[in-house]
Each structure stands twice: as C-alpha cells, then as structure tokens.
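This report concerns only the one structure given below.
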Amino acid sequence: MSEHLGYIDSYFNKELSPEECRIFELRIEQDPAFAEEVAFYLNTLNEAKAQLAVQKKERFREIYQEIRPSQHRGLVRRFWPYVSAAAVTIALVFRFVFFSPSMSPIKLANEYIQSDLAIISTDMGMGDSIEIGKKLYNEGKFEDAQKQFERIILADSLESSAKEYAGIVSLRLEQYDKAIQYFVELENTRLKINPGKFYHALTLMKRNGPGDLQEAKKLLHAVEEENLKFKDIAKKWLNKWPEE
C-alpha cells in the first residue's frame, strides 16, 4: 500500500492546515508520481462508493490491496486528464466534497467537542457553586470541575445543570460510561429544553463502540422529532450520516 495513503486521506478529510494544503497542491503540480497516486485514490474511492457507500475509506484500502501494482497505472491513465494540472485537481477536490457530503460520526463528534465544548459560558459576577465548576472547566481543570459538579449533585440530586456539566466534563475526560449515566439522568428530568438525548448521542458517537453509532442515530432522530434542544444540529448531522 502507498506510504502516502494517510497523507492523501488527511487532505480530502480536511485534516491538514491551510499551509499543509498549499504544499499538498504544489506537490501535485511538481511531482507526477504523487499526482498519479492522488488520481488513483480518487478513482478508487469513487468505485468503492458505487459498491459500498458505508465505510468508503475502509473499502478503498481493501481494493488497493487487492489490485496488483501493475494494474494501478491503467486506472490512473483513465483518470489522468482530470489531474494533469493543479487547478483541475482542486476542482476535483470540490467535486469530491460536494458530491460526497457524508462525514464519519466520530469526526462530527470531534469537531463539535473541539468547537462548541471548548468552553462553557459563564454568568459574570455569579459566585455560586455551578459557576465555580464552569470556571474550573474553562481553565482546563477538568478533574477539579468534575469533582465540583459531583459535589453539587450529591447535595441536590435534582440539580439538572450540574448533571449536564458533569456529563460534559466526563465526556472531555473520555469517561464515556459516566458521561452517559449523567445524560440519561438528564433525559429523565422534566426540563422544558432538554439537551440530554443530544449529549447522549454525542458521547456514543465519540466512543464509537459496538452498536454505539446505531443508537446515536436513533437518539438524534428523537432529538429532531421531539423538538428537543440542538435539534438543528441533530438534523444537520443526520444529513451527513454515512449511508447504510
């Protein structure tokens, strides 16, 4: 298998920085052999999609291993006109992105955690125990924040905000079972705007264990159908969910 597969894969999954993307595209212009590998990647990925929509990358790896190196050039020649120049290659990138809108659930989860859960909004001037926990969280002191929220829950088992934040910080600590426990408890509270099912689905997507993604998908459908908190995000994720 090509030693560049992971590098090419990262480019098309938008995992490279802008500068790394520029270097990648420049290399296509200057290195015909590398351009052929990119062409083969795209061609094989499209063939794999026609055979099996789910797990495109995994299927690609299987096809790549099955095809003899001598056959690679024939496939590349069929696709070469589309990657003969950097501008055309970039156009193919956009084609790949827009015609393949699906995204892995774990990538969706990671992006959400890194952006939307980077900090928890605080109420300036509030000195209560919840705000202390939020401040610890925002300072990156997750274990201390978790202890703070758990002390609040111990004192008042009906404190839904503490359960929400305890679940979030447990998720950040990758204590998935504990996070799910808090979110399930949150689901069962009578909150007018309840984020429990959404966060439960998010945790399952991040954990990505056996059966997790199927259950997460059901929960996201429930979030949308029951008009729960974050229903717009749930709908967007379901639209990006890989076909089964």
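None of the figures in this text is laboratory data; all of them are computed from the coordinates on show. What you see is a predicted model; the values in this text were computed from it and never measured. Every residue, glycine among them, receives a Cβ derived from its backbone with ideal geometry; neighbour counts consider all protein chains shown.
Before moving on, here are some points about what is shown:
- Those aspartates and glutamates that a straight Cα-Cα span of less than 15 Å connects to Lys197, excepting residues fewer than 8 apart in one chain: Glu164, Asp177, Glu185, Glu187, Asp212, Glu215, Glu224, Glu225, Glu226, Asp232
- Simple spin-label estimate for Lys107 and Glu25 in nanometres, 7 Å along Cα-Cβ: 1.8 nm
- In nm, spacing of pseudo-spin labels at Gln214 and Gln181 (7 Å Cα→C-beta vector): 2.6 nm
- Cα-based shape type of the range 106-240, given that a ≥ b ≥ c are square roots of the gyration tensor eigenvalues and the cut on a/c is 1.5: prolate
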